[in-house]
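K.L.:
Pasting a structure below so you can have a look.
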Amino acid sequence: MGFLDESRASWLWPLRRTPSREKKAWGGDAEAAKKDSERAFDIADSMEKGFARELVADFVQALPDADRLWKFRVERSDDRQQYRLFCDDGDFLLYARLRNAARLVEIFLYDPNEKENKTLCDSDRPAFTLSCTHSADEWLLAQERCDNCRCSAKPHLCGCYGKQELFRVRHSKTNIGDGINHCMDVELPPEGSLMAWGQDATQKQTQRILTTRAPAWNDEVSSLVLDFKGRQILASAKNFQLSEESNPDNVLCQYGKLGANSFGLDFKYPLNVVQAFGISLTTLLWS
């Protein structure tokens, strides 16, 4: 990824509308192959205009290791069924929509509301999926296929085993003062490695575990309070901060309400863009 450290310039350039190579049709039935063949022409045309966004690898690479948090913004639709992730300067990154009574979230590289993306956003093929148990206390983020498989007529030729697990999140609640605090524990795959779908991690000891920082009860405002440095945050049950248990003062991710349907999402290494976005989306049922 092309990062310019500590710069407000276009440091996240691979996640913007940059040209990408034309894709080969995905294998499968004749109808799907025909659809992909037709879509390939749309992608080729969009490449020339700089709108094509086809590589998921740009979204699963961890951000540069830095002291400060990189700032992003999440915008929610009025009906609370769609979410969009933007860079802090307003550039679009990812689009998510809720399915199956909010038990499944599909994440796409294109915004279907953008005119130039209508033919590129394949509603049947999300790049990532976020699913939860019936009780909504455990969530799993998966990458549907790697870039090699997306480009190949023979799925899994690269040995990626299909879907790849990007994190597991477990939710719980705890009483603090007179309030009830939502908590989460996030299991990240070993660095530089993705776990096969349904496969036990063979490097469990190298997994990173992030956990929510406990807020303090404030008698003056009669509420639980967290210090969101660099953000003016409104009170919300969805607000959270994550850190490692070994270093609770080092905030690695924070998510806080900015407006009626706007949230600040700030994070840093070892998280990548889709992991941070996915973690924030697991709070959609918190109230």
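K.L.:
Which one of C121, C132 is over 22 Å from R168 (Cα atoms) and either in contact (Cβ under 8 Å) with a residue 12 or more places away in the chain or hydroxyl-bearing (S, T, Y) (or both)?
P.N.:
C121
Condition check ((1) within 19 Å of R170 (Cα to Cα); (2) part of a loop (DSSP other than H, G, I, E, B)) across all residues:
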position: G230; (1), (2): no, yes
position: D249; (1), (2): no, yes
position: D266; (1), (2): no, no
position: P270; (1), (2): yes, yes
position: I279; (1), (2): yes, no
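K.L.:
Also, I was wondering about something else. Would you please list the contacts, defined by Cβ atoms under 9 Å and residues six or more apart or on different chains, that run from a residue in the stretch 74-94 that is farther than 17 Å from F59 by Cα to a residue that is among the acidic types (D, E) and at pLDDT 95 or above?
P.N.:
Q82/E75
K.L.:
Another one. Considering D88, D79, D67, D124, which residue is surrounded by fewer than 14 Cβ atoms within 10 Å (Cβ to Cβ) and closer than 25 Å to L188 by Cβ?
P.N.:
D67
K.L.:
Within the stretch 195-241, track down each residue that is at pLDDT below 80 and aromatic (F, W, Y).
P.N.:
Passing the criteria: W197, W217.
K.L.:
Within the stretch 228-287, can you find the residues that are surrounded by fewer than 17 Cβ atoms within 10 Å (Cβ to Cβ), within 20 Å of the chain's Cα centre (by Cα) and among the polar types (S, T, N, Q)?
P.N.:
Result: N261, S262.
K.L.:
Let me ask you something else. What about A101, is it farther than 19 Å from L55 by Cα, out of contact with any Pro (no Cβ under 6 Å at 6 or more places or on another chain) and either in a loop (DSSP other than H, G, I, E, B) or at pLDDT 95 or above (or both)?
P.N.:
Answer is yes for this residue.
K.L.:
Of the residues in the stretch 69-96, how many are assigned to a strand (DSSP E or B) and within 23 Å of S123 (Cβ to Cβ)?
P.N.:
Matching residues across the stretch 69-96 total 13.
K.L.:
I've got another one for you. Step by step: first the residues of the stretch 169-189, then only those that are part of a strand (DSSP E or B) and of a type in the set (G, A, S), then the one that is surrounded by the fewest Cβ atoms within 10 Å (Cβ to Cβ). Which residue is that?
P.N.:
That would be S172.
The values are calculated or read from the model by the stated rules, or taken from the named source; none is laboratory data. All figures in this text were calculated on a predicted structure; none of them were measured in a lab. Using ideal geometry, Cβ is built from the backbone for each residue, glycine included, and neighbour counts are taken over all protein chains shown.
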